[in-house]
Structure formats: structure tokens, C-alpha cells
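Participant: My questions all concern the structure below.
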Amino acid sequence: MSGLKARKTIRLTLSYLVLAVLAITAVYPALWVVLGSFRPGKSLYSKTLIPEHFTLDHYKELFTSDTILFGQWYLNTLKIAVFSMLIGVLLTLLTSYAVSRFRFRGRQTALSTILILGMFPGFMSMIAIYLLLKEFHLLDTHLALIIVYAAGAPLGGTFIAKGFLDTIPRTLDEAAKIDGASNFKIFTRIILPLSKPMLTYIALTQFVGPWVDFIFARLVLRTKENWTLAVGLYDMVSTNQNTNFTVFSAGAVLIAIPITVLFMFLQRLLVDGLTSGASKG
């Protein structure tokens, strides 16, 4: 009995040790970047983690420099992320509601197609998408990014949203139909109010994707005024002549603040939406 208790204690201790190592591995680089944004100079290297002198000059430079259009990049990214989120959530909801509540020819094929397409990394289609955007004269436009981000939303969110909608009793739909409600009214008056956790999860994930994406934004956007935050910050440290790592850190901190705040305030809804949507497939 004492041997079993000792093994449990050892197992629990090792579990906490592993979690502590993972936490330090995740927190330490982020803490270094945050403190680096307050460190004088342009280099992130320092003998100590905590700067000897704190400065806000790097944050001021983001908004006062003639070569760094941080405010414009921030607005560009916000516009792309918000519109991509709204359209993407709408497409995901309509798709998941259709496959969850209706039985029609090709339904299983549609689900299998969404599942298979979702298995492939998005960058595999970048060349084809680039050529299509070029033919439609959409290169170097924010509309191109919004279309691509929003159109790809159902691939990642349909099964989670469908799993959540499957947990809502169909008797509610049937009772509403008996009272004369249409499918649209059932969707807007019954399904949506009951789907707040799932809506929060899908909306936030769809917002975060465009907010931090670099690869596709770098491929499409060419002029400096149209860049997003990820592309603009990369330009700060992409050449040997332009290595403003401390200014880069300040920009990274400002980028992380909105996402951090959203996750903190919506944490409960996010967990409910993810676990409920994953309970059924």
C-alpha cells in the first residue's frame, strides 16, 4: 500500500515538473520580448533579463517614425481580421447548420470533402490562389485577403460547429415549426442564441488567423501602405541594415494585447464552445 502511494507521489511530482518546464519554456521567450521592448538600444541581447534602464522610446518610434507606418498597418490588419471574421463565421454557421439539421443528397459527400480538404495545409494552394487573384486583378488589395480567409473558414470550423449544433435538441425545431416558424426564424431566434459559446470560439479563431498571418499576406500585399502588421514588423528585422529588434518587440507587444484581452475575458465561452463542439462529430 505504501509502495503504491509512493509511486503515485512520484508520478504526480514528475507531472508537475514537466508542466513547470513547459510553462517556463513558453513564458520565458515572451517575457524576454516584453522586457526587451523597454530596453534602450536596438539589440535584444542583454546580460540580464530585466533592463537596467527602462524606456518608452520604442513605442513612440512606432507612431512617429517616417519609415514605420505602424498605425496604418494596425488599421489594415484590424479591417481584414474583422471582415474575415464576420464573413467566415456566417459561412461556417450556414454550412454547419445545413449539414446538422437537414438530410439531403450529397450531404455525406460534402462532409467528406470538407474533412479531406481540411487535412491539407493552406500553403499548398497558395500558387493557385495567387494566379486566380492575379487574373481578377486583386493582388495588393485587402479584399483578396478577406475573400481567401473567409472562404477557408468552413474548412476549419464546420465540424466543430456541427458537433455543437447536434447537441441542441431537434424537438425545439419541431415545436417552432408547429407554431409556424420558418427555417430562417428557427436559425435566428433559437439556434443562434443557444450557440453563443460555439460562436465565440469560431469568431475568435477566425479573428486571430488573419491578425497574425504572415505568409499569405506577404505574398499578396506589395505596397508598404497596404501591409499588415506581420509583414510590416518582419520588414524591421529582415535586413542587416534594418535590425530594430527592440522596436519589433514593442510592436509585438501591441499586437498581442488585443488577443490576450479577448482570450482572458472569453475563456469560459471558448472552453464550452470547443468541448461541446468536439463531443459529437
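Participant: Tell me, what is the 1.4 Å probe accessible area of Thr67, in Å² to the nearest 10?
Facilitator: 90
Participant: Next question. Determine the equivalent ellipsoid of the range 2-59 by diagonalising the alpha-carbon gyration tensor, then write out the semi-axes as square roots of 5 times the eigenvalues, largest first, rounded to whole Å.
Facilitator: 41, 9, 7
Participant: Roughly speaking, what is the centre-to-centre gap between the range 3-21 and the range 56-85 when only Cα atoms are used, to the nearest Å?
Facilitator: 46
Participant: Taking the chain as a Gaussian network, where each spring joins two C-alpha atoms under 10 Å apart, which residue of Ser182, Ser84, Ser37 fluctuates the most?
Facilitator: Taking springs between Cα atoms under 10 Å, the residue moving most is Ser182.
Participant: Leu49 label point, 7 Å along Cα→Cβ, cut-off 19 Å on backbone N: hits in the range 20-41?
Facilitator: 20-40
Participant: Which of the chymotrypsin sites (Phe, Trp or Tyr not before Pro) found in the range 208-262 are loop residues per DSSP with 16 or fewer other Cβ atoms within 10 Å of their Cβ?
Facilitator: Taking the range 208-262 and a limit of 16 other Cβ atoms within 10 Å, the loop chymotrypsin sites (Phe, Trp or Tyr not before Pro) found are Phe214.
Participant: For Cα pairs less than 8 Å apart in space and 6+ apart in sequence, what is the mean separation divided by the residue count of the chain, i.e. the relative contact order in percent?
Facilitator: So the answer I get is 31 percent.
Participant: Then there is this: Calculate the length of the line joining the C-alpha centroid of the range 176-247 to that of the range 138-169, in whole Å.
Facilitator: The range 176-247 and the range 138-169 have Cα centres spaced 10 Å from each other.
Participant: Can you give me the angle between helix 2-36 and the longest principal axis of the chain, using Cα atoms only, in degrees from 0 to 90, rounded to the nearest 10?
Facilitator: Result, in degrees: 60.
Participant: Would you work out what percent of the accessible area of the chain, with all protein chains in place, is carbon or sulfur (probe 1.4 Å)?
Facilitator: After summing per-atom areas, the C and S share lands at 69 percent.
Participant: Could you give the nm distance between label points at Lys177 and Gln72, where each point is 7 Å from its Cα heading toward the beta carbon?
Facilitator: With each label point 7 Å from Cα toward Cβ, the separation is 5.5 nm.
Participant: Stretched out fully, how many nm does the piece from Asp57 to Tyr234 gain, at 0.36 nm a residue minus the Cα gap?
Facilitator: Roughly 61.8 nm would be gained on extension.
Participant: If you don't mind, another one. Over the chain, with the other protein chains present, what is the accessible area per residue in square angstrom, probe 1.4 angstrom?
Facilitator: Accessible area per residue: 60 Å².
Participant: If you count only protein heavy atoms and use a 1.4 Å probe, how large is the accessible surface of Arg218, to the nearest 10 Å²?
Facilitator: That residue has around 100 Å² of solvent-accessible surface.
Participant: Take every Cα pair under 8 Å in the range 1-61 that's 6+ residues apart, average their separations, divide by the length, and report that relative contact order as a whole percent.
Facilitator: 26
Participant: Can you tell me which of Asp166, Asp66, Asp213 moves the most in a GNM of the chain? Springs connect C-alpha atoms under 10 Å apart.
Facilitator: Asp66
Participant: Also: What accessible surface, in Å², does a 1.4 Å probe find on Asp235, ignoring ligands, DNA and RNA and rounding to the nearest 10?
Facilitator: 50
Participant: Still on this structure, please answer the following. For the pair Arg218 and Met119, what calculated FRET efficiency results from E = 1/(1 + (r/R0)^6), where r is the Cβ-Cβ distance and R0 = 30 Å, to the nearest 0.05?
Facilitator: It comes to 0.80.
Participant: What are the ³J(HN,Hα) values, in whole Hz, obtained from phi via the Karplus relation 6.51 cos²θ - 1.76 cosθ + 1.60 with θ = phi - 60°, for each residue of the range 205-221 in sequence order, with x given for Gly and Pro?
Facilitator: Residue by residue, the range 205-221 yields 5, 6, 7, 5, x, x, 5, 10, 5, 10, 4, 6, 4, 5, 6, 8, 8 Hz.
Participant: Given the DSSP H assignment, sum -39500 (n - 2.57) over each helix run of at least 4 residues in the chain and divide by its residue total; what's the result at 222 nm in deg cm²/dmol, nearest 500?
Facilitator: -23500 deg cm²/dmol
Participant: With a ≥ b ≥ c the root eigenvalues of the C-alpha gyration tensor of the chain, is it rounded (a/c under 1.5), prolate (a/b larger than b/c) or oblate?
Facilitator: oblate
The values are calculated or read from the model by the stated rules, or taken from the named source; none is laboratory data. Note that the structure is predicted; figures quoted are calculated from it, not measured. Backbone-built Cβ (ideal geometry, glycine too); neighbour counts: all protein chains shown. Keep in mind that these areas ignore ligands, DNA and RNA; they rest on the heavy atoms of the full protein, side chains included. Shrake-Rupley method; radii C 1.70, N 1.55, O 1.52, S 1.80 Å.
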